[in-house]
1. Just name the residue that is farthest from residue 133 (Cα to Cα) out of those in region 13-29 that are surrounded by fewer than 18 Cβ atoms within 10 Å (Cβ to Cβ) and touching a strand residue (DSSP E or B) at 6+ places or on another chain (Cβ under 8 Å).
2. Checking residue 33 against (1) modelled with pLDDT under 95; (2) surrounded by 14 or more Cβ atoms within 10 Å (Cβ to Cβ), which single condition isn't satisfied?
3. Against the condition over 21 Å from residue 3 (Cβ atoms) and touching a strand residue (DSSP E or B) at 6+ places or on another chain (Cβ under 9 Å), how does residue 53 come out, does it pass?
4. Could you grab me the full set of residues in region 56-99 that are in contact with a strand residue (DSSP E or B) (Cβ under 7 Å, 6 or more places away or on another chain), part of a loop (DSSP other than H, G, I, E, B) and either free of Cβ contacts under 8 Å to residues at least 24 places away in the same chain or surrounded by fewer than 17 Cβ atoms within 10 Å (Cβ to Cβ) (or both)?
């Protein structure tokens, strides 16, 4: 099991996401990178879904206490390991490519509900999207 986690939305550094402060002391920034996924704007937060033909940019953190951090993140993201089908997000180990080119495995949360009319974020970068949108 990896001790890395990938954030691509409102859990990234700089956002005041409720719950993130509960785990900040248990996270060490490792750098920025991307995963194979497509990113959508759901209004108050983004949603990534697995895809091999597009990339989602974000940041990678090392978890100093993975069990505690993942339990908090599962709560924030609405993931229930015993009932993944009804979870808002699913947690999956996935490959992340860092900006320097090295690849590692990290936990990522993928959206698991209907997207409706959610707008695709073509750049795959939520921070860039907010600047353009704002």
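1. In the first step, residues of region 13-29 are kept if they are surrounded by fewer than 18 Cβ atoms within 10 Å (Cβ to Cβ); the result is 13-19, 21-22, 24-26, 28-29.
From the residues that got through so far, the ones that are touching a strand residue (DSSP E or B) at 6+ places or on another chain (Cβ under 8 Å) too are 13, 26, 28-29.
Values: 13: 19, 26: 32, 28: 30, 29: 27 Å.
By that ranking, first place goes to 26.
2. It is condition (1) that residue 33 fails.
3. Details: over 21 Å from residue 3 (Cβ atoms): yes; touching a strand residue (DSSP E or B) at 6+ places or on another chain (Cβ under 9 Å): yes.
In short, yes.
4. Listed by number, the residues that qualify are 64, 78, 99.
The values are calculated or read from the model by the stated rules, or taken from the named source; none is laboratory data. In this text, all values refer to a predicted model and were calculated from it rather than measured experimentally. Don't worry about glycine lacking a Cβ; one is built from the backbone with ideal geometry, like all the others, and counts go over all protein chains shown.
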